[in-house]
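Here is the structure we will look at.
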Amino acid sequence: MYSNALLVKAAELYYARHSSQKEIAQHLGVSAATVSRILQEAVEQGVVRVRIVDTANRAIELAGHLSERFGLERAEIIDSGHDRDAWKLKKLLGKAAKRLIPELCPPGGTVGIGSGGTIFEMIESLESGDGVQGMRVIPLMGGFATPHPERETNRLVSTMGSALNCTFSYLLAPAVVSSSAARDTFLAESQIARATALWDSADTAIFSIGPGLETSMYVFLSPEFLDIDEAKALGAVGDILGRFIDGEGREIDFAFNRRLISIPFERLLRIPHRIGIGGGPSKYRSVHAALKSGIVTALVSDAATCEYILSEEHTLMEAKKA
């Protein structure tokens, strides 16, 4: 029905370049439904050969390699195949992350959470039986006042508390303020001090690992708060709970990090179980950095991200031998 050239072109865009069917439709000037039929015919005509891979075993193997290399207590790896849709990946990672809550939070324990879309998706997938008896949920940072209030920490802890029928606490403070002096003033307020004191009682921390600065995630932050160029110059590859890190997972020393109302890394590292969630090309470097530094003790990620990290580690090892 379709020409061989069209079959090859559509297959190349979908399987090699990982374009979505909508993007291919726009590129070829046809409907998405037509693209679907073209791809099906490409398989039927032998232009595309399908090989079934046991993705469950692949994910288990990757989890084992990562755990051994970085000393993780747990790695939950999903395989999203060729689908590069960022929203779908967040949903899959969120669902995977919820499985670690009863495993890594003891009965009567306290779970601290960060903000963001992946944490939102994790909480959206929760059911009443996903928690543990007597648990409490607390925020590990203030709010950024983003265009998505449902992803702010106070909203997230209340939603999570309601979903799991457990207690929760608020942190009534912004995530970033105008100066380090203003941050200290906020932290000295009794109501805020009581909330941040709970950080020391946390048994488990769950947070998203932020993407590289080339993404548009940080555009909601005013330039008066965040100097993107300065962060890039200092080697920032992403953030953890708002704090920008370099390629080794170390917190970079610049004004933005000193203005944050977010759990300091030295206190975060005292929390026994630290579940980092992140996947996709925009987070390759930041997830790798978080693993290098030991900020995370458990990882929720996707197979492609893990393969990238293990390949980088192999390259580094070979370079050391040379």
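The values are calculated or read from the model by the stated rules, or taken from the named source; none is laboratory data. Please read these numbers as outputs of a predicted model, since none were measured by experiment. FYI the Cβ positions are ideal-geometry reconstructions off the backbone, even for glycines, and counts take in every protein chain you see.
Take segment 174-220 and flag every residue that is over 23 Å from the mean Cα position of the chain (by Cα), among the aliphatic types (A, V, I, L, M) and assigned to a loop (DSSP other than H, G, I, E, B). Matches in segment 174-220: Val177 only. A search for C-beta distances below 9 Å between a residue of segment 11-40 that is under 24 Å from Leu89 (Cβ atoms) and without any contact (Cβ under 8 Å) to a residue 12 or more places away in the chain and any residue that is among the basic types (Lys, Arg) and assigned to a helix (DSSP H, G or I), counting only pairs 6+ apart in sequence or on different chains, returns Ala32/Lys22.
Examine segment 157-176 for a residue that is crowded, with 18+ Cβ neighbours inside 10 Å and over 26 Å from Cys105 (Cβ atoms), and state whether such a residue exists. For segment 157-176, residues crowded, with 18+ Cβ neighbours inside 10 Å and over 26 Å from Cys105 (Cβ atoms): present. Restrict the check to segment 74-82 and report whether at least one residue is surrounded by fewer than 18 Cβ atoms within 10 Å (Cβ to Cβ), in the same structural domain as Met122 (by TED's automatic domain parsing), under 12 Å from the mean Cα position of the chain (by Cα) and not polar (S, T, N, Q). For segment 74-82, residues surrounded by fewer than 18 Cβ atoms within 10 Å (Cβ to Cβ), in the same structural domain as Met122 (by TED's automatic domain parsing), under 12 Å from the mean Cα position of the chain (by Cα) and not polar (S, T, N, Q): absent.
Per this entry, Thr110 is counted among residues that are buried (at least 20 other Cβ atoms within 10 Å of the Cβ) and among the polar types (S, T, N, Q).
In the condition set (1) exposed (fewer than 15 other Cβ atoms within 10 Å of the Cβ); (2) under 19 Å from Ile240 (Cβ atoms); (3) not charged (D, E, K, R), Thr185 is compliant with all but (2).
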